[in-house]
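Below: the structure, in structure tokens.
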Amino acid sequence: MQKHYYVFFNSFFKVKEVMKHSLVVLLIIFVSACGKNTISYQEIGERTHQSKEVAKKFGMQLKAKLQAAMKEGGPINAISVCNEQAPLIAKQLSDETGWDIHRTSLKPRATQPDVWEKSMLEDFEKKLSKGDSFDMLFAQDVVKHNDKASFRFIKAIETEKVCLVCHGENIADPIKTKISELYPNDVATGFKEGDIRGAFSIIQPLE
Ligand code: HEC
């Protein structure tokens, strides 16, 4: 009986010892793998805050231009705002910051999501269906992008009533025609108010 206890304790300590060593090895691998990619929590917080501000600016500038164009010449006229002004605003903001700033979507008109964006957008869909508000639908990470350590940020964009003219379920024929001329592979329709239309995506190189 006593021998049994001994064997039990002995193997228990052995397991513990092995686990301890594995943990140390894992920690070393983790730290060296992260290396330069690691930034402090404070820096993550700051970069997240700055990204949110830039995304907000992008959204506000675009919406102002969109609404003005709709008022002036109707939705057909506004298509050119989205077609020309959206990439232009994105480029201006990218030049100002040195970051890659763009929009994307699981059902894109112009810009396909990459693997990271796709998985975040899918996660946002799940969170929205569980009742999360749009304020909560953002994410950030430090990852390798084009072989460079990069801080990535993504924030969901809500479909509002004004968006339905060009992204909704019943799109008027002249608008449909114009959109399919400009975007033959368009799948950015069929949205309802409150759906996730897409996301602002920001890539900040860290090296
Ligand atoms: C007048 C038509 C029109 C309206 C209204 C409109 N969009 Fe778009 N949207 C477009 C076009 C055209 C593009 C493609 C832009 C490009 O080439 O970069 C686009 C692209 C996008 C994209 C980029 C992702 C993708 O599908 O390629 C998002 C996100 C987006 N729109 C969101 C919105 C939201 C949100 C609203 C409402 C606030 C809205 N749009 C209203 C025409 C419109």
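The values are calculated or read from the model by the stated rules, or taken from the named source; none is laboratory data. Predicted model, so just to flag it, every value in this text is computed and none were measured. We place every Cβ from the backbone using ideal geometry, glycine too, and count neighbours over all the protein chains shown. Side chains included, ligands, DNA and RNA excluded: accessible areas come from the protein's heavy atoms. Shrake-Rupley method; radii C 1.70, N 1.55, O 1.52, S 1.80 Å.
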Dipole magnitude of region 40-205, debye to nearest 20 (Cβ charges: Lys/Arg +1, Asp/Glu -1, about Cα centre): 160 debye
Gained length - GLU43 relative to ALA64, 0.36 nm times residue gap less alpha-carbon distance: 4.4 nm
Heavy-atom SASA rank of VAL162, VAL115 (probe 1.4 Å, accessible area, largest first): VAL115, VAL162
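Using a Förster radius of 30 Å, what is the FRET efficiency between VAL162 and VAL115 based on their Cβ-Cβ separation? Nearest 0.05, please.
On the way: r = 31 Å, r/R0 = 1.04.
Working from the Cβ atoms, E equals 0.45.
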Heavy-atom accessible surface of region 40-205: percent carbon and sulfur, 1.4 Å: 52 percent
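Using 1/(1 + (r/R0)^6) with R0 = 45 angstrom and r between the beta carbons of LEU182 and LYS130, what's the FRET efficiency to the nearest 0.05?
0.80
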Tally of Lys pairs whose C-alpha atoms are under 24 Å apart, taken over region 142-204, 8 or more apart or cross-chain: 7
Euclidean distance between Cα centres, region 158-207 to region 63-113, Å: 10 Å
